1. If you average the alpha carbon positions of segment 71-106 and of segment 113-139, how far apart do those two centres end up, in angstrom?
2. With each run of n ≥ 4 DSSP H residues scored as -39500 (n - 2.57), what mean residue ellipticity at 222 nm is computed for the chain after dividing by its residue count and rounding to the nearest 500 deg cm²/dmol?
3. Evaluate the chain: find the radius of gyration of its Cα atoms, find its Kirkwood radius, and give the ratio Rg to Rh.
């Protein structure tokens, strides 16, 4: 059990740092794009911006699933990467199908990845929520400005 924690916790930390990188990239892109288009926003631009934020955060989550899958391969838990990635995705998304399981000595890594996944999906959701709220705020301000006093 202790060895699984010593293996799993650094991977969780790596995933947290990786998600922080993806979030920072999203926020920088978002702020730069909004600043460059200030006063010239359109529905298409809002959709594009929200789509990019969504795709980057999901890409961050997918890369983390691949990291966990690589760990499982390194530990000899699976014979091919596709199976390891599938199992990792099930763990990360907290689905827990149970159709593919790790060996008894490594089972604790599954719940560790699930805890990691739920935290990272929460981070992704908060970034997406912030972006959507910002788009709503800017659109409301534009409507008020168009209406005038």
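1. When both Cα centres are located, 26 Å separates them.
2. Helices in the chain give a 222 nm mean residue ellipticity of -28500 deg cm²/dmol.
3. Working: Rg = 19.7 Å, Rh = 17.2 Å.
That ratio is 1.15, to two decimals.
We did not get these values from a lab; they are worked out from the coordinates using the rules stated. Remember, predicted model here, so these are calculated numbers, not experimental data.
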